[in-house]
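Readers should treat all values here as calculations from the given coordinates under stated rules, not as data from a laboratory. Small disclaimer: the values here were computed from a predicted structure and weren't measured. Heads up, the Cβs are rebuilt from the backbone with ideal geometry, glycines too, and the neighbour counts pull from every protein chain shown.
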């Protein structure tokens, strides 16, 4: 009985100790069960059946007690030499493990006496028990992997290390390379969604050894995608320009001309976003010469559009319009993606609004740009929608703003940007400077940080100020400037300056008497149309004389 108890202790310890093993658990448990059972004597088993049952029940109860006590404390079970980590195991898995261990002990003690029958039954029990343990440990592993996938530093760092190891593996076949390429893109897209700019920059650097294993076209596409993910974040962490320059230098070392040109186009966009307009124009002019020789029209359109934006930012409207015309001409000769076509329409609307103050045409361009960006789910669709609303306000149709905002396409872009334009439209509809200033103060980030909106809001403010001043001075022929300033709630020097400007622009007839501090308004004298009528009569008589001369010439 002592020998049997000692053997069974060894077997039980071995079974529970094998929980964390992988696919080998089934084989190891079955082999050890059979090995131990072969050593048992048939007669000893028959004569010691009852004592053995008691011993097995005692040890089974002891094992269940140890499992229960240690599992509740989150400790590793040392009395049975079990090294099962219970920190991430759910309560139902703990209960299942305890019931499984008890089932093994009961099954073993019930069939301990008969060798052949016990051998077959133990094999079946071992197989079922191992399957349960594997299922439990699989669920545990799945939960732990899910938690690790949610963690930021450890899992991402491991993925980067794995990518580096895989890129140095010489046994990569075509399918593995394709899978790794897709994994890199998926990881980059995940970083983009989570807004992890630094990790995405590390990923771009870590993939460089892997790029030598794929074709130049695929490598260029992969690098462009990762760089676009990085630039779309607009994180502003200060390493964007440096990272782009490093990628360009790497492309030069690898003699990848098309990739270098594509990255230089991204660098021009970075220069424009960071206000480095001189560097953007210098790099753009050099790149345009190369692209015209290579006839890469897709990239040529992108660079010409960036050049137009840069010239507009420098207030050089003629060159901005010329660059945009070149970009549109090039785009007409190729298939232009919806996102690029929307960007061209957006720039056209901006130039029409800035140069010619033609907000009606600008609105149509902004609408086309909004539909294009919305079709590809680009965040720039919100910008195009803002400019649409601005055009309606500048056209003195602020009542149309609410109708546009409540439309099917625009309703999903509701937010502070749209609320800001609605507040401006309401102030314009009321012709209230106080409401306008309140809206600008309340939505300062949404209105003043946008250069295009800020420029046109300044014009809108001047128009509203002129309308309010004309409405105040209209009933009077002589009015104190101090009264006008108090009524409109603006400083007196600002009101005097604006009134002087309106007199010079012939918005009304009058003079400012600064000695008395009054504005004298003259009545508009009707225009004498005698001279116009005389000129029309003379012109008509001249036509009659010319006609008579032609007829007389034919008769002679």
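Ranked highest first by average number of other Cβ atoms within 10 Å, how do 513-526, 369-382, 294-307 line up?
Details: 513-526: 11.9, 369-382: 18.4, 294-307: 20.2.
Listed from highest to lowest mean packing, they are 294-307, 369-382, 513-526.
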- For segment 474-521, the Cα-Cα pair-distance distribution in 5 Å bins from 0, as whole percents, is 5, 23, 34, 29, 8
- Query: What is the Cα centroid distance between segment 352-391 and segment 299-333, reported in whole angstrom?
  - Reply: 17 Å
- Message: Starting from 0.36 nm per residue, how many nanometres of slack lie between residue 489 and residue 503 once their C-alpha separation is accounted for?
- Response: 3.0 nm
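Using C-alpha positions alone, give me the convex hull volume of segment 281-402 per residue in cubic angstrom.
Details: hull volume 12.0 nm³, N = 122.
Considering the Cα atoms of segment 281-402, their hull volume per residue is 98 Å³.
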- Item | Principal axis box of segment 417-550, alpha-carbon based, largest edge first, Å | 74, 43, 22
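Rounded to the nearest angstrom and ordered from largest down, what semi-axes does the equivalent ellipsoid of segment 393-462 get from its C-alpha gyration tensor (root of 5λ)? Write down the numbers at each step before the final one.
Numbers: eigenvalues 70, 41, 23 Å².
Whole-Å semi-axes of the equivalent ellipsoid: 19, 14, 11.
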- At 7 Å along the Cα-to-beta-carbon direction for both residue 246 and residue 225, put a label point, then send me their distance in nm to one decimal. 2.2 nm
- Can you tell me how much longer the chain between residue 376 and residue 513 gets when fully stretched, taken as 0.36 nm per residue apart minus their C-alpha distance, in nm with one decimal? 43.2 nm
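Find how much the distance from residue 546 to residue 298 grows on full extension, using 0.36 nm per residue of separation minus their present alpha carbon separation; answer in nm with one decimal. Write out the running numbers ahead of the final one.
Numbers: separation 248, 0.36 × 248 = 89.28 nm, distance 6.05 nm.
Once the chain is fully extended between residue 546 and residue 298, it gains 83.2 nm.
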- Note on the structure: The distance between the Cα centres of segment 439-515 and segment 395-430, in whole Å, is 24 Å
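Consider all pairwise Cα distances in segment 216-270 and report the whole-number % of them above 12 Å.
Details: 919 of 1485 pairs.
Here the long-distance tail beyond 12 Å is 62 percent of all Cα pairs in segment 216-270.
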- In units of 2.2 N^0.38 Å, what is the alpha-carbon radius of gyration of segment 340-444? 1.04
- Item | Cβ crowding within 10 Å averaged over residues, with 531-543, 442-454, 261-273, 402-414 ranked highest first | 261-273, 442-454, 402-414, 531-543
- Please give, to one decimal in nm, the separation of the simple spin-label points placed at residue 361 and residue 533, each 7 Å out from Cα toward the Cβ. 4.0 nm
